[in-house]
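Some notes on the structure that comes next.
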Amino acid sequence: MPGSEARPESIPGEASAEMGQVRIRVPGAIARGSVARARALVIHPNERVERKDGKSVERNYRFVSRVVVNYLGRDIAEFDTSTSIGENPSFGFAFRVTEAGTLKVTFFDTHGARFEGVAEIKPA
C-alpha cells in the first residue's frame, strides 16, 4: 500500500528498540507568570493483567508505575499508576512558568527501568 510503512511484529516480553523514548510537548510561546499546559508520552508496552478462568495470572507484569515531573530542579507533579493505563501512555499537566529552565519528565516501570525526557522552557 503506497505511503504505508511495514513494521515488524513485536514479540511479547521483548522490548522494542523504541521503548523508553519520551516525547514532551510544550507551547511554543509562554509568557512569564502564565500557566502552561504540557503533555508527555513514553513508548512502553504496559502489559495488561492476563486472566485465565476468571482469575488473574500471576507473573511480574511490566508497566509504567510512576511518573515524576520536575521544573527548575523541583518536583512539581507525581503520578502513580497501575496496569489500567494503556500502551504508550501520555500524561497532561499544567505548571506556572516563572523563569527559563528545564522541564524534565521521568517514567519508572515495574522492572526498574527509568526513562527521561527534557524540554527547555523559554518564557517570552
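The values are calculated or read from the model by the stated rules, or taken from the named source; none is laboratory data. In this text the structure is predicted, and so the values were computed from the model without any measurement. FYI the Cβ positions are ideal-geometry reconstructions off the backbone, even for glycines, and counts take in every protein chain you see.
What is the residue count in the stretch 47-88 for residues that are modelled with pLDDT of 95 or more, in a strand (DSSP E or B) and loosely packed, with under 15 Cβ neighbours inside 10 Å?
Number of matching residues: 6.
Which of the residues that make up the stretch 38-61 are charged (D, E, K, R) and over 14 Å from the mean Cα position of the chain (by Cα)?
Once the filter is applied, which keeps residues that are charged (D, E, K, R) and over 14 Å from the mean Cα position of the chain (by Cα), the stretch 38-61 yields E47, R48, E50, R51, K52, D53, K55, E58, R59.
Condition first: assigned to a loop (DSSP other than H, G, I, E, B) and either of a type in the set (A, V, I, L, M) or in contact with a strand residue (DSSP E or B) (Cβ under 7 Å, 6 or more places away or on another chain) (or both). Now tell me which residues in the stretch 34-46 satisfy that.
Selection gives I43, H44, N46.
Please count how many residues of the stretch 102-111 are surrounded by fewer than 16 Cβ atoms within 10 Å (Cβ to Cβ) and at pLDDT 95 or above.
Selection size over the stretch 102-111: 1.
Starting from the stretch 45-60, take each residue that is more than 23 Å from S90 (Cα to Cα) and list its partners that are exposed (fewer than 13 other Cβ atoms within 10 Å of the Cβ) and among the hydrophobic types (A, V, I, L, M, F, W, C), counting only C-beta distances under 9 angstrom and pairs at least six apart or across chains.
R51/V57
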